[in-house]
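The values are calculated or read from the model by the stated rules, or taken from the named source; none is laboratory data. If you're wondering where the values come from, they're calculated on a predicted model, not measured in any experiment. Counting neighbours? That spans all protein chains shown, and the Cβs are built from the backbone with ideal geometry, glycine included. Surface areas here come from the heavy atoms of the whole protein model, side chains and all, with no ligands, DNA or RNA. Shrake-Rupley method; radii C 1.70, N 1.55, O 1.52, S 1.80 Å.
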Amino acid sequence: MEKIIVKGGNKLKGEVNISSAKNSVLPIIAASILSGDLSVIENAPMLEDVFVICDVLESLGASIKINKENNNISIDTKDINSKEEPKADLVRKMRASFLIMGPMLSRFGRVKLSLPGGCNIGSRPIDLHLKGLSSLGAQIYLGHGYVEGKADRLIGNKIYLDFPSVGATENIMMAGVLAKGETVIENAAEEPEIKDLANYLNDMGAIVEGAGTGRIRIKGVSELKGVTHKPIYDRIEAGTYMIAAAMTRSKIKINGVDEEHIKPILAKLSECGINIDIKNGIATTYGDVDIKPVDIKTMPYPGFPTDMQAQMMALLSLSKGTSIITETVFENRFMHASEIKRMGANIKIDGRSAVIEGVKGLTGAEVRATDLRAGAALILCGLAAECNTQISDVYHIDRGYVDIEKKLKSLGACIERINV
Ligand code: EPU
């Protein structure tokens, strides 16, 4: 078993490069199914979740080359065939595998895959994905832990999402691009990753308008071609490094930041008293300040992202006062609170809210990463804590942070991975 050991107390300095957004790259790889051509994803993040979605496509017959030297992924989807099913364990390993449903149905009129199941942050149903695909004319069959979709050709329709689900918006968008006629998604998710996917689809020859707003209009086309695409930068990774600077009272430069995408995070960090100056995609974070308490409610974009909630809790545990975090997106995303408390934080959970009384300092402890962002939050606490922090279940962190120890080490942190 691997563990990450962090010896706290070092100031950070220098600069760090942000990788491409995992949550852009996963749907984009799934969307490459739509063309039956060769597509290339440039500067892809070399992460576990990305390898899993590649395995899913390979199990359907795609041929994929991952070049770890230049971070390019070449995906040839010519030989994908709808009679194959991705292995159940691959789909269960990562919920985003479900993103192949829309493209497979759209290109082949048939798909069968294992139901994704719940995860550590909530039960995470797929009803909105299925409702959307049914509206486009797909017959959906559920049974024995599998979902199967069939359609002669999908037919465009108006779909109103009860909640602006990121995954459901992506699946319906990918289904709509080859459907007959017009598809309109109302109350669509507005995340920057949705816009990135739409840009990719439009480069392939699709006609998608309004992505990044709550109303997306898609005019179905009969075929799409393979293209080369460079995804957007990972706003959550950038936000995590900004908090690393603040928790160690350091000044660092973060390369690869889109100011527009990171606005909701910047607004809260600024309320905390942290100064961040962004010029030409480089964010200079001035972290040498006393952290002010703030109240936060996680919301769909452009609200404060749930994927920054755990890292924010880590930061606020060192603030001068009381903060309240309300998690509205996921029903069970506070598992990190008890781990952060093991390091001396004062946090009380009451349903969907967490009350955080800032403490003077944290102390290293043995803790467990309960999910990806929880793991990142524990590393952040470790950087600021007295003595050593030992984090187990680090595979969660590897799902979403490229070379996190290497990047932090290059900033001067004392962090290493050990095999125990
Ligand atoms: N939901 C439903 N029914 C559905 C779909 C979603 O009730 O059919 C609920 C979920 O249970 C959840 C809420 O809607 O309570 C939001 O889920 P959403 O579908 O928006 O999330 P997702 O597509 O499964 C993506 C990211 C997550 C991120 C969320 C919210 C990817 C691969 N994953 O998940 O990323 O937290 O959007 O922004 O894009 C992470 O990176 O750590 C991560 C968990």
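Centre-to-centre, using Cα atoms only, segment 95-152 and segment 327-362 are separated by 34 Å.
Average 1/r across all pairs of distinct alpha carbons in segment 2-108, invert it, and you get the Kirkwood radius: 15.1 Å. Here the gap between E15 and R92, fully extended at 0.36 nm per residue and compared with their Cα-Cα distance, gives a gain of 24.1 nm. Here the Kirkwood formula puts the hydrodynamic radius of segment 22-229 at 16.5 Å, using every distinct Cα pair.
Spin-label pair N419-K360: with each label point 7 Å from Cα along the Cα-Cβ axis, the two points sit 4.3 nm from one another. With protein chains left intact and a 1.4 Å probe, residues in the chain average 40 Å² of accessible area per residue.
With helices as the sole contributors, the chain gives -9000 deg cm²/dmol at 222 nm; each DSSP H run of n ≥ 4 counts as -39500 (n - 2.57), and the sum is divided by every residue. Modelled spin labels at N81 and S222, positioned 7 Å past Cα toward Cβ, are 2.5 nm from each other. With both labels modelled 7 Å from their Cα along Cα-to-Cβ, the N70 to H144 distance reads 4.5 nm. The alpha carbons of segment 245-294 stretch over 27, 20, 12 Å along the principal axes, in descending order. Remark: C-alpha extents of segment 331-420 on the principal axes read 37, 29, 24 Å, sorted largest to smallest. Looking only at I66, I356, I53, which one moves most when the chain is put into a Gaussian network model with springs between Cα atoms under 10 Å? Taking springs between Cα atoms under 10 Å, the residue moving most is I66.
Taking every alpha-carbon pair under 8 Å whose residues sit at least 6 apart, the chain reaches a relative contact order of 21 percent. Calculated from the alpha-carbon coordinates, the chain shows an Rg and a Dmax of 21.3, 63 Å respectively. Helix 48-59: angle to the longest alpha-carbon principal axis of the chain, degrees 0 to 90, nearest 10? The angle comes out at about 20 degrees.
For the chain, what % of the accessible area comes from carbon and sulfur atoms, probe 1.4 Å? Reported share for carbon and sulfur atoms: 47 percent.
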